[in-house]
Structures are given as structure tokens and as C-alpha cells.
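One structure is given here, and the rest of the page talks about it.
Where a number appears in this text, it was derived from the coordinates with a stated rule and is not lab data. Fair warning: this is a prediction, and the values are worked out from it, not measured in the lab. Positions of Cβ are generated from backbone atoms using ideal geometry, with glycine treated the same way; all protein chains shown enter the neighbour counts.
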Amino acid sequence: MKNAAGFSLLELIVVIVILGVISVSAVSRFANEDGFSVRVEQEGLISALTQAQQLAMSGQPVEFSIANGSPQTYRIRIGSPLADYSVAGINYPLNVDNEISLAPSPLTLTYDNLGRASAAPAITITSTSGETGSVCVASSGLAYGC
């Protein structure tokens, strides 16, 4: 009986297929960096809008706004008189990434003490390469990607 040394053809094919799957997923993850920037900005807006809603439900006057400028900013203002909000080292207003633009701008949303938002159009997020995303705010105050 002879001792076989090396790999069988089946083992080599399995390794090549596994490496192919890993490389395809890695390339697709890093190739679309603009889409990633849009998604990060979308999640940041949803988070800020949710924070504004929660502050309003705690009984404070709250205003969320997007301002034109270079760069664009969005802010949460609370209290009476309204003042910029700060929590856990995050100070508003926050700058939007230079590669991203928000529309409509300017935009101001107010929340009542039940967390309901004033009427708002969808906020469109656009990168310089044309990737887009949207954030919608329901009349109930719920912010979500749409």
C-alpha cells in the first residue's frame, strides 16, 4: 500500500471556493465607501431625531433643525429659551460630512410633549458620487430609514 502525500483535488477545490467567497464579500464591503458614508449619516440623523423625541417626552421644549452652510449642520435645541443640547461628550450642532448633503435645508421640526413631530418631508441624504438615502419622520415622531 502506498502512502498518499499532498492534497486531493476535492480539497483544493473546496479551499478555492471558500477563498473566493471571502474575497467577494470583502471587496463588496469596501468597494462601496460612498454608500457606507450615506448609511452612517442616515443612522446619525435617526439617532438625533430619536433623541429629540425622547427629550420632548420628558417635558422640555425641543427643536431639531438642519442648517445650510459649509459644512451643513444639524442640531437639537432644548429648554426655554432654546439652547444647544449636549450629552455624553456629543455637542450639538453636529457637522455633516463634507461628501454628504442633506435636503431639504433649512428644515426645522418641533416636538410636542407626547413626542409627536411637526409635519416633515423626507430628509434626503446624497453623497458627491450620487449615492442616496432617506430619513422619514412620522407624525408620531418616529424617525426611520425610508
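Observations on the model:
- Over the chain: helical MRE at 222 nm, DSSP H runs n ≥ 4 each giving -39500 (n - 2.57), nearest 500: -11500 deg cm²/dmol
- Candidates Ser70, Ser23, Ser134, ranked by Gaussian network fluctuation over the chain, Cα under 10 Å, top entry: Ser23
- Ordering of 72-85, 41-54 by packing [mean C-beta count within 10 Å, highest first]: 41-54, 72-85
- Relative contact order for the stretch 27-146: 27 percent, from Cα pairs under 8 Å spaced at least 6 residues apart, divided by residue count.
- Fluctuation leader among Val24, Val15, Val38 - the chain, Gaussian network, Cα springs under 10 angstrom: Val15
- Average projected area [Cα convex hull, the chain], square nanometres: 14.1 nm²
- For the chain, the longest principal axis of the C-alpha atoms and the axis of helix 9-31 are separated by about 20°.
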